[in-house]
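K.L.:
What follows is a structure written as structure tokens; I'll ask about it next.
Derivation of every value follows stated rules applied to the coordinates shown; laboratory data play no part. In this text, all values refer to a predicted model and were calculated from it rather than measured experimentally. Methodologically, a virtual Cβ is constructed for each residue, glycine included, from the backbone with ideal geometry; neighbour enumeration extends over all protein chains shown.
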Amino acid sequence: MTGSIEEYKQSREKRYLLILPCSKKKRNVAAARAINLYNGPFYQILRKYRSPNIDVLTLSAKYGLIEVDEIISSYDQKMTEEVAQELLESVRNKLEIIIAKNHYEEILVNLGVTYMAALRSSMGMLRRYNVSYASGKIGERIKQLKQWLSNVYQDRC
């Protein structure tokens, strides 16, 4: 048998997917990994509680659907209904590819109303999976994110 026991355990570990919106609040850097550039409350929590078995995607008004480990430049672009409409196809295509390559135990979508519009054409595909949606105002969604990350961590132990 090749590979270590740790590699084997990681290959058998349950995988989870989290989809977050970008953040208006950004660190003062020209470019960084998305998880380090965005500095809103979701990303502060994510940096503190992220488990290695969680893949995280960010829905960005400028970049579309990106992995949080991608290096991006700082920007200031607001998600609007028009931008969400323009992103529909690229978001659906990328999401289909990512989900097809992975076997996620659960997916949490934590997006506001305008960002959800960019997922409209992906909803049929997402129904085939164990997907939950954070809802309510920002404070409620922060609480739901913390709870979900905690549950994933406990499930991992």
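K.L.:
Beyond 18 Å, what share of the Cα-Cα pairs of region 63-111 remains, rounded to the nearest whole percent?
P.N.:
Across region 63-111, Cα pairs with separations above 18 Å total 42 percent.
K.L.:
May I ask you to list the lysines whose Cα is less than 23 Å away from that of LYS26, ignoring any residue fewer than eight positions away on the same chain?
P.N.:
Straight-distance partners of LYS26: LYS48, LYS62, LYS78, LYS137, LYS143, LYS146.
K.L.:
Work out the length of the dipole vector of the chain about its Cα centre, built from +1 on the beta-carbon of each Lys and Arg and -1 on the beta-carbon of each Asp and Glu, and round it to the nearest 20 debye.
P.N.:
480
K.L.:
Based on the alpha carbons, how large is the Rg to Rh ratio for the chain when Rh follows Kirkwood?
P.N.:
Radius of gyration over Kirkwood radius for the chain works out to 0.97.
K.L.:
Quick one: of the DSSP bridges fully inside the chain, what percent are antiparallel, nearest 5?
P.N.:
Antiparallel bridges: around 35 percent, rounded to the nearest 5.
K.L.:
If you don't mind, there's one more thing I want to ask. Using only Cα atoms, tell me the angle between helix 81-101 and the longest principal axis of the chain; keep it within 0 to 90° and round to the nearest 10.
P.N.:
Once rounded, the angle reads 10 degrees.
K.L.:
How long is the gain from ALA100 to GLU140 if the chain were fully straight, where each residue apart is worth 0.36 nm and the alpha carbon distance is subtracted?
P.N.:
11.4 nm
K.L.:
Still on this structure, please answer the following. Which Rg and Dmax, in Å, describe the Cα atoms of region 93-157?
P.N.:
Reported Rg and Dmax, both Å: 12.8, 36.
K.L.:
Still on this structure, I have one more. If you stretched the chain out fully between TYR129 and SER74, how much longer would it get, using 0.36 nm times the residue separation minus the C-alpha to C-alpha distance?
P.N.:
Additional length available on full extension: 16.5 nm.
K.L.:
Between helix 138-156 and the chain, what is the angle of the helix's C-alpha long axis to the longest principal axis, kept within 0 to 90° and rounded to the nearest 10?
P.N.:
20
K.L.:
Using only Cα atoms, locate the centre of region 28-94 and the centre of region 111-145, then give the distance between them in Å, rounded to an integer.
P.N.:
Taking the Cα centre of region 111-145 as reference, the centre of region 28-94 is 15 Å away.
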